[in-house]
Amino acid sequence: MADKTKMTILVVDDALENVTLLSRILKMSGYNIQVANNGAQAVDTAKTLLPDLVILDINMPVMDGIETCARLKEDERTREIPVIFISALDSIEDKVRAFRAGGVDYILKPFEYEEVQA
């Protein structure tokens with residue numbers, strides 16, 4: 001397994017409290033964290049940063065998480081970056097849309113510390 005201190009996670013959420021909590025959890029686990037506040041910013045950041053993982057909210061202004069993930073998967077530079085959705089949306093349809101867009105996992109809000117670490 002790769003050294004966590006060299007791994008970078010891009011956290012994308014428009015809610016400051018979620019970004020703060022996720023960043024704190026992940027930093028305590030030894031990861032480098034970058035933040036984007038909306039989907040458009042996430043796509044631009046991912047193309048230059050090339051993070052090891054993207055944690056992505058679905059409901060955001062400018063560009064929602066489903067479209068953001070789809071755009072990341074369309075670009076050869078970001079196609080292979082795993083995307084974990086984190087959302088309060090809990091319907092089967094929302095989860096299926098997320099996986100069809102290219103997500104590898106789906107965590108429900110409010111999230112638990114242990115679940116984020118896993």
Does Val104 meet the test of being closer than 13 Å to Val11 by Cα and either among the β-branched types (Val, Ile, Thr) or more than 13 Å from the chain's Cα centre (by Cα) (or both)? no
Within segment 29-50, is there a residue that is modelled with pLDDT of 95 or more, in a helix (DSSP H, G or I), closer than 20 Å to Ala118 by Cβ and of a type outside the set (Asp, Glu)? no
Condition first: touching a residue at least 60 places away in the same chain (Cβ under 8 Å) and either of a type in the set (Ser, Thr, Tyr) or open to solvent by 30 Å² or more (accessible area, probe 1.4 Å) (or both). Can you find one or more residues in segment 48-58 that meet it? no
Identify, please: which residue in segment 10-34 is hydrophobic (A, V, I, L, M, F, W, C), farther than 17 Å from Lys109 by Cβ and in contact with a helix residue (DSSP H, G or I) (Cβ under 8 Å, 6 or more places away or on another chain) and is, among those, surrounded by the most Cβ atoms within 10 Å (Cβ to Cβ)? Leu10
Tell me the residue from Glu93, Glu114, Glu76 that is part of a helix (DSSP H, G or I) and farther than 19 Å from Ile9 by Cβ, please. Glu93
Looking across segment 67-93 at residues that are in contact with a helix residue (DSSP H, G or I) (Cβ under 7 Å, 6 or more places away or on another chain) and aliphatic (A, V, I, L, M), the single one that is most open to solvent (accessible area, probe 1.4 Å) is Ala70
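The values are calculated or read from the model by the stated rules, or taken from the named source; none is laboratory data. Treat the numbers as computed from the prediction; the structure is a model and nothing was measured. Backbone-built Cβ (ideal geometry, glycine too); neighbour counts: all protein chains shown. Protein only, heavy atoms only, side chains kept; ligands, DNA and RNA dropped before computing areas. Shrake-Rupley method; radii C 1.70, N 1.55, O 1.52, S 1.80 Å.
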